[in-house]
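Written below as structure tokens is the structure these notes are about.
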Amino acid sequence: MQIYLSVTLYDIITKLKLMTYDYLSKIILFSLHRKGYYGAKHTPVVHVCKRIPQHSCKDIKKKIKELIKGGLLVPYPTRHGLDVHININRLSEVKTLIKPLEDEMDYFKE
């Protein structure tokens, strides 16, 4: 007798609360970290899109929503739209995610 489970990979990941971050997510976090958007300092989502011109704004907005659900970004609603900043409580996790990008930038500075 065979038993088939109808569990998708997405269900497993969400239940275990594991979230893998792709390159675009790391670039978004790196750009916010580089400008110092923590705590009370926040920026509109549109400005994040302007800072990363090689990707479409639609893709960036999707990734920002994923990062908010993951808890790495904090939404800050304003009159002109949605602003975001990095979650101070998860700063160490953000720094470990963007460490390769920082090393790459330091390599080009030398």
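The values are calculated or read from the model by the stated rules, or taken from the named source; none is laboratory data. Remember, predicted model here, so these are calculated numbers, not experimental data. Counting neighbours? That spans all protein chains shown, and the Cβs are built from the backbone with ideal geometry, glycine included.
Selection of the stretch 38-65 for residues being closer than 13 Å to LEU24 by Cα, in contact with a helix residue (DSSP H, G or I) (Cβ under 7 Å, 6 or more places away or on another chain) and in a helix (DSSP H, G or I) yields VAL48, CYS49, ARG51, CYS57, ASP59, ILE60, LYS61, LYS63, ILE64. Within the bounds of the stretch 19-27, is there any residue that is part of a loop (DSSP other than H, G, I, E, B), modelled with pLDDT of 90 or more and surrounded by 10 or more Cβ atoms within 10 Å (Cβ to Cβ)? No. Does ILE12 meet the test of being aliphatic (A, V, I, L, M), at pLDDT 85 or above and assigned to a helix (DSSP H, G or I)? No; evaluated as a whole, the condition is false for this residue. Considering GLY71, GLY81, the condition of being farther than 11 Å from ILE28 by Cβ and within 12 Å of the chain's Cα centre (by Cα) is satisfied by GLY71 alone.
For the stretch 70-104, the set of residues classified as buried (at least 17 other Cβ atoms within 10 Å of the Cβ) and either in contact with a strand residue (DSSP E or B) (Cβ under 8 Å, 6 or more places away or on another chain) or not in a helix (DSSP H, G or I) (or both) consists of LEU72, LEU73, VAL74, ASP83, VAL84, HIS85, ILE86, ASN87, VAL94, listed by residue number.
Here GLU104 clears all of (1) under 18 Å from TYR23 (Cβ atoms); (2) modelled with pLDDT of 90 or more except the condition numbered (2).
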